[in-house]
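Values in this text are rule-based calculations from the coordinates and carry no lab data. It should be emphasised that the depicted structure is a prediction, and the values quoted were computed from it without experimental measurement. Reconstructed Cβ throughout: ideal geometry from the backbone, glycine too, with neighbour counts over all protein chains shown.
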Amino acid sequence: MTGTNSSPPPSRTTIGPVAHRRILSVWLSRLAIDRWRLASGLAPGEGADAEPTALIIETAHGPRIEAANPAGLAAGARSGMMLADARALCPSLKVSPSDPAGDHDFLEKLALWALRWGPWSAMDAPDGVLVDVTAVAHLFGGEEKLLADAKAKFAARGLAARMAIAPTAGAAWAMAHYGPDAAILWRQDDIASRLADLPVAALRLDQDVLSVLRRLGLKRIGDLTDRFEESAGRDALHRRFRNRKSPGANPLVRLDQLLGQVPEPLLPVIPQEMPLVQRRLMEPIRHRDLLDQVLVDLAADMARELEGLGQGARRLDLGMWRVDGEVIIRRLELAAATREAGHIARLFGAKLDDIDAGFGIECVRLRASWAEPLALAQADIESAAEEHGTSLAACIDRLTVRLGPDAVRKPVLHASHIPERAQRWQRPLVPEPPSQGELAFHARPLKLLDRAEKIAVLYATPDGYPQRFRWRGNVHEVVRVEGPERIAPEWWREKGTARLRDYYRIEDGDGRRYWIYRLGIIGDGRGGMPDWFLQGLCA
C-alpha cells in the first residue's frame, strides 16, 4: 500500500480531464468522546478526561457503554460492554450519557466544514466524512499536502482523525480504517493487490455476514478476490448471498464497489441558508409594548429576507437574550409557508405573555429554521385593503398557537377495509397522500367509537343475526337487521389467528341504530366462541 511519501503521477495534480475520481475518507475514531470532551471544555488528558470515563446508553438490560476515553480503554472499558461488567474491571469508572442525535448533528456540521477540501462532501455515518477531492489537489500543492492540511485542521479542532485518499469511496474507507494513516492509493487497477491483506471487515459488512465469511475461512479481502478469479467460487458466494439486498449484507456488492466495478451512490450534504435577523438594543427593555415593537420590526426584516430568497417560513425561532445571560426561546410552526410580517408578529405576540424580562432584554433574534419556496404573487387591490388573517392557513395558525401544536388535525382516507384503519390524522394543510386504490365500501355509520366496545348478544342460532344485546348496562331489543357484511383480516400485517368480522346494521325498539360485528365464526379453528362488539352509531 502506498503511503504519503509516494510521488503522484503528474496527471493527478494538473487542471483538466481526470481519468478517475479521488475520494478523501476521514474516520473520526473517537467522535463521541471528542465531542463530549470539547463540550466539557477539557484538553486531551486533562481534568476529567484524565480519569477513566465512558459514555453510556440505557438499554432493556441496563446501561451499555457506547464509547470510552483513552483512560477508560486502558482500564478495560470497551464499546458494547455492559456498564456492570466494565465496573467490575474498573470500579472508579465515571460515566456520562451518550448523545447519538447530537453526534449526528455534529458530524453533519463537520461534513459542511469539510467542503474546504472539495466541491462536495457526504456523511459516512456514524463517525466518518467523505470528500470528493477530484482535480483539486493542485490547489494545496498535491495530495500529500492536502492530507497534511486536513490532519492539521482536524487536530486544531481537537478531533482524532485517520484519513486516506483512493479512487473509490470503498477503498478510501478501507485504508482509513484498517490501513496506515494518511495513505494514498493512486491507481484503480492497484486496489485489489494493495488491499489484499486487509481484513474482510474493511468491506463495510454487517456483523452476521462477517461471521459467515470467517466460518468459511475468508478472513482477508485477498481471499475473496482469489475466489472471484474462479467462476465456481464466485457462483458459490452468489448463491449464498443472493437474497441479501442491502450492500452491507452482500460481500459481492461491497467488493465490486471497492474495486470500482459498480457505482456507489453517495448523498452530498448541501448547506442550507437560514434567514436570520436580529436587534442589538442600546438599552435593555423590560416592558411588553417595547418588546412588541421590536418583534414587529424583526418580522418586517424577516419578510424582506424571505422575499429576496423567494421563500416563505414554515418554522420561526425567536431568541431573547437577557442581561443576566439567560436566553428565552419561543418557536412557531406555521400551517403554510408565509412571509406576511403582520401575521408573524400576531402569532408570536400570543407566545410572549409569560416572558420574564428580568433586568432587561438586550438582544432579540428571529431565525427561519424551516423555509419553503414561495413564489411572488400580484396582490388584488381590493383584497389588499382588507385586514389580513381570514385565510384558512391563518385561522389554523391561530388555533395551533392557542390550543397547542397537536390539537388541530384533519382526517384523510387510508386504503384499508378495516374500519378503524380506514382513516388517519395529519396536519391540516399537509398534502394528502396519493390514493392507494379506490375501495368500494358499504354504508358506514356517521360516528365510530374510538375503540369498539364489547357487548353481550342473544341470538337464535350460533351464526344468525342478533335478537337482543346489552350495552353499557342497558338491554336493547333488535327489531330490524341489515347484514351481514363480512370483512376479512389483513393477512399481511396480522397473525394467522386473526378472525373474520361479520358486521350488522341494527335498529332497536326505540328507533336507535347501531353498527355491531361478530368477531369469528364457530369452528373456524382460531379461538373459542365468537365475541360481539359495538363499533358505531348510525343515523
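Compared with the direct C-alpha span, the chain from ASP189 to LYS495 gains 104.9 nm at full extension, assuming 0.36 nm per residue. Label-to-label distance, ALA43 versus HIS417, with points set 7 angstrom from Cα along the beta-carbon direction: 7.3 nm.
Share of Cα-Cα pairs in region 297-338 beyond 14 Å, in percent?
Value for region 297-338: 58 percent of Cα pairs lie more than 14 Å apart.
Exposed loop sites were defined as GluC sites (Glu not before Pro) in DSSP loop states (anything but H, G, I, E or B) carrying at most 10 other C-beta atoms within 10 Å; in the chain the longest segment without such a site runs 47-229. Semi-axes of the equivalent ellipsoid for region 447-538, computed as √(5λ) from the eigenvalues of its C-alpha gyration tensor and ordered from largest down, come to 23, 15, 11 Å.
Restricting region 103-162 to trypsin sites (Lys or Arg not before Pro) that sit in a DSSP loop and have at most 14 other Cβ atoms within 10 Å of their own Cβ leaves ARG157. Which one, (i) 25.8; (ii) 30.2; (iii) 24.4, gives Kirkwood radius over Cα pairs in Å as derived from the coordinates shown? Working out Kirkwood radius over Cα pairs in Å from the coordinates points to (ii).
Rank PRO445, ILE23, ALA88 by how far each Cα sits towards the positive end of the charge dipole of the chain (+1 on Lys, Arg Cβ; -1 on Asp, Glu Cβ) and give me just the farthest. Toward the positive end, the furthest listed residue is ALA88.
Counting only Cβ charges, +1 for Lys and Arg and -1 for Asp and Glu, the dipole size of region 43-159 around its Cα centre is about 200 debye.
Cβ-to-Cβ counts within 10 Å put LEU399, LEU107, LEU316 in ascending order as LEU399, LEU107, LEU316, the fewest first. Under the simplified labelling scheme, the ASP406-ILE522 pair shows an inter-label distance of 4.5 nm, with each label point 7 Å from Cα along Cα→Cβ.
At an R0 of 25 angstrom, the distance between the Cβ atoms of ASP510 and ASP463 translates into a FRET efficiency of 0.40.
Label positions at GLU326 and GLU264, each projected 7 Å from the Cα along the C-beta direction, are separated by 5.1 nm.
About its Cα centre, how strong a charge dipole does the chain have in debye, to the nearest 20, once Lys and Arg get +1 and Asp and Glu get -1 at the Cβ?
1500 debye
The trypsin sites (Lys or Arg not before Pro) of region 450-539 meeting both criteria, a DSSP state outside H, G, I, E and B (loop) and at most 14 other C-beta atoms within 10 angstrom of the site's C-beta, are ARG472, ARG493, LYS495, ARG512.
A dipole drawn for the chain from +1 and -1 charges on Cβ atoms has a positive end, and of ILE355, PHE241, THR59 the residue lying farthest that way is PHE241.
Nearest 20 debye, what's the magnitude of the dipole of region 244-294 about its Cα centre given +1 on Lys and Arg Cβ and -1 on Asp and Glu Cβ? Dipole about the Cα centre, nearest 20: 200 debye. Shown here: region 280-374, whose C-alpha atoms stretch 40, 24, 21 Å along the first, second and third principal axes, sorted largest to smallest. Residue-wise HN-Hα couplings along region 189-203, as the Karplus relation 6.51 cos²θ - 1.76 cosθ + 1.60 with θ = phi - 60° gives them from phi, are 5, 8, 4, 4, 6, 6, 9, 4, 8, 6, x, 5, 4, 5, 8 Hz; Gly and Pro carry x. Across the chain, the relative contact order, built from alpha-carbon pairs under 8 Å that are at least six residues apart, equals 9 percent. The slack between LYS351 and ARG286, meaning 0.36 nm per residue of separation minus the straight C-alpha distance, is 21.8 nm.
Peptides 212-224, 183-195, ordered by how many other C-beta atoms sit within 10 Å of their residues on average, highest first, read 183-195, 212-224.
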